[in-house]
Amino acid sequence: MRKITILLLMMILLVGSLQVMAKGGPPDSTGPKGSDESQKNSTAESVEEKAHAYEDSMSDLEKEMAGAGLPQQFQKQFMTRLRLCLEQAIGESENDGEKKDKVRSQEMTRIACHAANQNLSPEDAARVCAAYQVAVWAGVNNRFGEALAAEGLKMNQSAEQVEKALRMVARLCQEFQCKMTEGNTEKDAEALVELGRKMARICEMEQLEERLRELLQEGNSLAEAVDLLSN
């Protein structure tokens, strides 16, 4: 009788072990399930950090705008519209929580000043700045993007034209993984600024995006493609 009892207990323990193995281990297992949970927590922390960086940099932008000498009413309307534009862009992205990140406060202040000097409304200035920031989030170099926006405004291009150019560049850079690094010298940085200016000058060219795409597909860099279309 005792042997039968021991045998039954062993069978119960064996069945229990098999069930645990089938479920992938105990709840505190450090296997794939535990790894997934850790990854989710890490992603959530990253998103939260970016959200804080976003709000902090937006506060920095308000301070930059206040010190730029623009009318207070312009500043207020600009910031209100900019927040709406950025939130809309973030909401339209596939990974909206991951996309929100620090904004380029100094660059956007300078672009807003260019827009004000060209008598653009605060709302239009905000649209241009939002397009610039979204392009930077997409991987466009900040110096290049600022030069593109500033030169376009100096050429009296409309806010819609500048916004369209920035969105086009963002699409192409993502599609072809265009590399626009600043390098280690002032000359490299200036080359990116000049590239942005050149891009602005050809923005009114018919079928520009299609032409650039063809040149990029042929293996040209973005700088080479812009040079070819500028000549």
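Quickly run through the range 71-96 and pick out the residues that are closer than 16 Å to Leu120 by Cα, hydrophobic (A, V, I, L, M, F, W, C) and either in contact with a Pro (Cβ under 8 Å, 6 or more places away or on another chain) or at pLDDT below 95 (or both).
Of everything in the range 71-96, those that are closer than 16 Å to Leu120 by Cα, hydrophobic (A, V, I, L, M, F, W, C) and either in contact with a Pro (Cβ under 8 Å, 6 or more places away or on another chain) or at pLDDT below 95 (or both) turn out to be Phe74, Phe78.
Quick check on Met168: is it in contact with a Phe, Trp or Tyr (Cβ under 7 Å, 6 or more places away or on another chain) and part of a helix (DSSP H, G or I)?
No: the conditions fail for Met168.
So the check is Cβ under 7 Å with 6+ separation or different chains; which pairs have a first residue in the range 69-94 that's under 17 Å from Ala51 (Cβ atoms) and a second one that's surrounded by 14 or more Cβ atoms within 10 Å (Cβ to Cβ) and polar (S, T, N, Q)?
Sorted first by the residue in the range 69-94, then by its partner, the pairs are Leu86/Gln133.
Within the range 210-228, which residues are surrounded by fewer than 16 Cβ atoms within 10 Å (Cβ to Cβ) and either hydroxyl-bearing (Ser, Thr, Tyr) or touching a Lys or Arg at 6+ places or on another chain (Cβ under 8 Å) (or both)?
Result: Ser221, Asp227.
Could you tell me how many of the residues in the range 135-155 are out of contact with any Gly (no Cβ under 9 Å at 6 or more places or on another chain) and modelled with pLDDT under 95?
Residues in the range 135-155 being out of contact with any Gly (no Cβ under 9 Å at 6 or more places or on another chain) and modelled with pLDDT under 95: 5 in total.
The values are calculated or read from the model by the stated rules, or taken from the named source; none is laboratory data. Just so it is clear, the structure is predicted and the values come from calculations on it, not from any experiment. Virtual Cβ from ideal backbone geometry, glycine too; neighbours counted across all protein chains shown.
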